[in-house]
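Colleague: The structure under discussion is supplied below as structure tokens; questions concerning it will follow.
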Amino acid sequence: MTARSRGRRLAATFAMAGGALATALLPLGPAHAAYSADQPVYLQLVSNDGNATQLALLQGTVAFDDGNTKYRYSLTLCWQHAYPAPSFQVVVNGTSTSWPSQTGSTSLPGCQQTAVYNSEVNFGGTVRNVRFDVTGGWFGSNGQYQTRTKSTYTYDNPYN
């Protein structure tokens, strides 16, 4: 073995050791919340006048952070045959409600319009569960205007 190849090996060994030491000594970045697996959200709102007219479709995902104070959702609200446009609200822990802000729009088959809602919410207290309430209206066969609100399944926070 020549002195030159030993020198290269020795230099390579020192370089690897130095890199490992530098990596170990670097300060860690700020900790980020770890989120649970996304839970699928799905709710088809239909009229309850016997005609079962499709009014609105809410679908997407919701997830919770391991600190128990935040949740995030990525949802679309499809406006089918409701009048006027349907709406939904977020209900946290069965009592605290909020109206989400639309973050975009998209096009889906069977929808007059499709609103996109993406948000990470810092609730400021313990989030035990979340549900979504969708409201839509329609004119029945008798000409009477009616509204209906239907709730999704209640999505439990897996961290508490």
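The values are calculated or read from the model by the stated rules, or taken from the named source; none is laboratory data. The structure presented is a predicted model; accordingly, all values stated were derived computationally and were not measured. The protein model used for the area step is the full one, side chains on, heavy atoms only, and it has no ligands, DNA or RNA in it. Shrake-Rupley method; radii C 1.70, N 1.55, O 1.52, S 1.80 Å.
Colleague: Using only the Cα atoms of the range 47-143, each taken as one equal point scatterer with no solvent, compute I(q) by the Debye sum, divide by I(0), and report log10 of the ratio at q = 0.12, 0.14, 0.19 Å⁻¹.
Modeller: -0.44, -0.58, -0.91
Colleague: How many percent of the accessible area of the range 33-136 is carbon or sulfur, using a 1.4 Å probe?
Modeller: Of all accessible area on the range 33-136, carbon and sulfur atoms account for 46 percent.
Colleague: Stretched out fully, how many nm does the piece from N68 to N122 gain, at 0.36 nm a residue minus the Cα gap? Let's see the in-between values first.
Modeller: Working: separation 54, 0.36 × 54 = 19.44 nm, distance 0.96 nm.
Roughly 18.5 nm would be gained on extension.
Colleague: Grab the Cα-Cα distance for Y42 and Q146, subtract it from 0.36 nm times how many residues apart they are, and report the gain in nm with one decimal.
Modeller: Details: separation 104, 0.36 × 104 = 37.44 nm, distance 2.27 nm.
Extra length available between Y42 and Q146 comes to 35.2 nm.
Colleague: State, as an integer percentage, the relative contact order of the range 32-160 based on alpha-carbon contacts under 8 Å between residues 6 or more apart. Walk me through the numbers on the way to the answer.
Modeller: Values: 322 pairs, mean separation 33.6, N = 129.
Relative contact order, the range 32-160: 26 percent.
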